[in-house]
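Right, one structure below, let's go through it.
The values are calculated or read from the model by the stated rules, or taken from the named source; none is laboratory data. Note that this is a predicted model, so its numbers are computed, not measured. Positions of Cβ are generated from backbone atoms using ideal geometry, with glycine treated the same way; all protein chains shown enter the neighbour counts. Just the protein is used for accessible areas: all its heavy atoms, side chains included, with ligands, DNA and RNA removed. Shrake-Rupley method; radii C 1.70, N 1.55, O 1.52, S 1.80 Å.
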Amino acid sequence: MERFCKIVIYIFILYSVLSCKNGEEVLIRGEISNLENPYILVTWLSGDTLATDTINVDVKGRFNYKNPIDTLTTFSLYLNNYESAAVVFADKGQELKVKGDALLPDLIEVNGNEINNDLTLFKMQNRELLSQRGQLLLNLNVESQADTVVNKSVTRHDELAKLQLLNHELISQAEEFIKKNPSRFSSLILINNFFINSDNPHALERVLGYLQGDVTNTRYATQLRSYSEKINQSAEGARMPYFKLIDKEEKTIYSHQFNGKYVLLSFVSMAGIESRETIDLLKEAYQGVNKDSVEFLTVYIDSDIYPVEYVENDSIPWRVVPEKRSWGSDIVDAYNVQYIPFNILIAPDGNIKVRNIPAQGVANAIRNSTED
């Protein structure tokens, strides 16, 4: 599964809240194993500027890093050429400790103040789940890089199903932590980590309702609530957001052109096993639907490869849109698409019927709805 870069949303939301100026030094001591390079890249917000620095590490992955700040600041430590990252929350005059494995970033421990201690406690309470998920992500990443027909295996599908179950369990554990700690800033961080990219916007709205005390009045909480309101506009049952697209034939497509029909809106990539499999499955589904009452529309999210030249594109019997702006496009934002492949089924009344519907379930979903 080709995940959208969650850390980008995460960092920019936090950076808008946690700014720093010159002040007392914070000291970050650490030891990270499995580093491929003798350095770590670190970023933070200094005034209105995103600052970058390099932290040198020894052969055992140990390092000491000092930085003058005068308020709560978010430091992002990028490991192995941005393949993984750890986030450290620091305030002036504090000494923080970082320890973990670059291959399992979700289990990197950070201690030294309330926020980091709370988040590390959550990691330790869910170490087994996070460890299993980390290993699965490593396996899937290796298979995606290989990207061969051999990788279309039952094992890979089993791994994806297990990953979904692990994510569901972690989300449940995060919700329990938030309910027990409604006034802690760490609960805001967990909401961001586990609910900001959820396919269920109602879950984000629900956990925001648990918050109590001063954290509810922070700018960070306000931005999360605003984001929650935004993604509810593309939730199941909501009216389909307006869009205007240009297909591969340079013809304009408007959302209102689909009034009175079922629409299967799919977001895919030219690269990646899952996208190719999705297109193959959608072709099978397309053969069994009524073309007078059902339309498919596929949007390719490939900013670095334009025009779309993937061979499957030429044999797709429905309209295809090569999105020049990729993840920055209006339709991706309006429909809250966080990863690809991603399918959305829209009903004839113009309301979103099912988000993230499996390609193999499209025909049955339409058929069952027609029979109701």
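Hey, could you grab the Kirkwood Rh for the range 158-198? Inverse mean 1/r over distinct alpha carbon pairs, Å, one decimal.
10.7
Cut-off 10 angstrom, C-alpha nodes, Gaussian network model of the chain. Which of 101, 91, 58 fluctuates the most?
Of 101, 91, 58, the most mobile in the Gaussian network model is 58.
Quick check: the distance between the Cα centres of the range 56-89 and the range 201-269, to the nearest angstrom?
34
Roughly how compact is the range 184-268, stated as its Cα Rg over 2.2 N^0.38 Å to two decimals?
1.46
In the chain, which longest range has no GluC sites (Glu not before Pro) that are both DSSP loop (not H, G, I, E or B) and surrounded by at most 12 other Cβ atoms within 10 Å?
84-248
Of the residues 103, 208, 138, which exhibits the maximal mean-square fluctuation in a Gaussian network model of the chain defined by a 10 Å Cα contact cut-off?
Judging by the Gaussian network model, the answer is 138.
Please list, short to long, the whole-number percent of alpha-carbon pairs of the chain in consecutive 10 angstrom bins beginning at zero.
Per 10 Å bin, starting at zero, the Cα-Cα P(r) for the chain comes out as 5, 21, 29, 25, 14, 5, 1 percent.
Please work out the FRET efficiency for the pair residue 327 and residue 31, using the Cβ-Cβ distance as r and a Förster radius of 51 Å; give the result to the nearest 0.05.
For R0 = 51 Å, the calculated efficiency reads 0.90.
Membrane-span-like helices in the chain: DSSP H runs reaching 27 Å or more (Cα, own axis), mean Kyte hydropathy at least -1.0?
What comes out of the filter, once short or polar helices are dropped, is 127-146, 154-180.
As a test, work out the antiparallel percent of DSSP beta bridges whose residues both lie in the chain, rounded to the nearest 5.
Counting DSSP beta bridges with both partners in the chain, the antiparallel share is about 70 percent.
Give me the aspartates and glutamates in straight-line cross-link reach of residue 324: C-alpha distance below 16 Å, same-chain residues under 8 apart excluded.
Excluding near neighbours in sequence, the set is 247, 249, 250, 302, 304, 309, 333.
Calculate the spin-label point distance for residue 169 paired with residue 367, positioning each point 7 Å from the Cα along the beta-carbon direction, and give it in nanometres.
Calculated label separation equals 3.4 nm.
Given charges of +1 on the Cβ of Lys and Arg and -1 on the Cβ of Asp and Glu, with all other atoms neutral, how large is the dipole of the chain about its Cα centre, in debye to the nearest 20?
Around 600 debye, computed over the chain.
Projected onto the charge dipole of the chain (+1 at Lys/Arg Cβ, -1 at Asp/Glu Cβ, origin at the Cα centre), which of 341, 46, 165 gives the Cα projection farthest towards the positive end?
46
Set the Förster radius R0 to 25 Å, insert the Cβ-Cβ distance between residue 162 and residue 83 as r into 1/(1 + (r/R0)^6), and round the FRET efficiency to 0.05.
The value I calculate is 0.70.
Averaged per residue, what accessible surface does the chain expose to a 1.4 Å probe, in Å²?
48
Under 10 Å, Cα contacts only: if you run a Gaussian network model on the chain, which one of 221, 174, 161 comes out with the highest mean-square fluctuation?
Fluctuation is largest for 161.
Determine the share of the chain's accessible area contributed by carbon and sulfur atoms, expressed in whole percent, with a 1.4 angstrom probe.
Solvent-exposed carbon and sulfur of the chain make up 48 percent of the total.
Heads up, I need the accessible area for residue 160: 1.4 angstrom probe, whole protein in place, Å², nearest 10.
Here the accessible area works out near 40 Å².
Of 178, 134, 74, which is farthest along the charge dipole of the chain in the positive direction, counting Lys and Arg as +1 and Asp and Glu as -1 at C-beta?
178
With 28 Å as the limit, write out which pairs from 230/283; 230/291; 230/261; 97/230; 162/261; 162/248 have Cα-Cα distances beyond it, or answer none.
230/283; 230/291; 97/230; 162/261; 162/248
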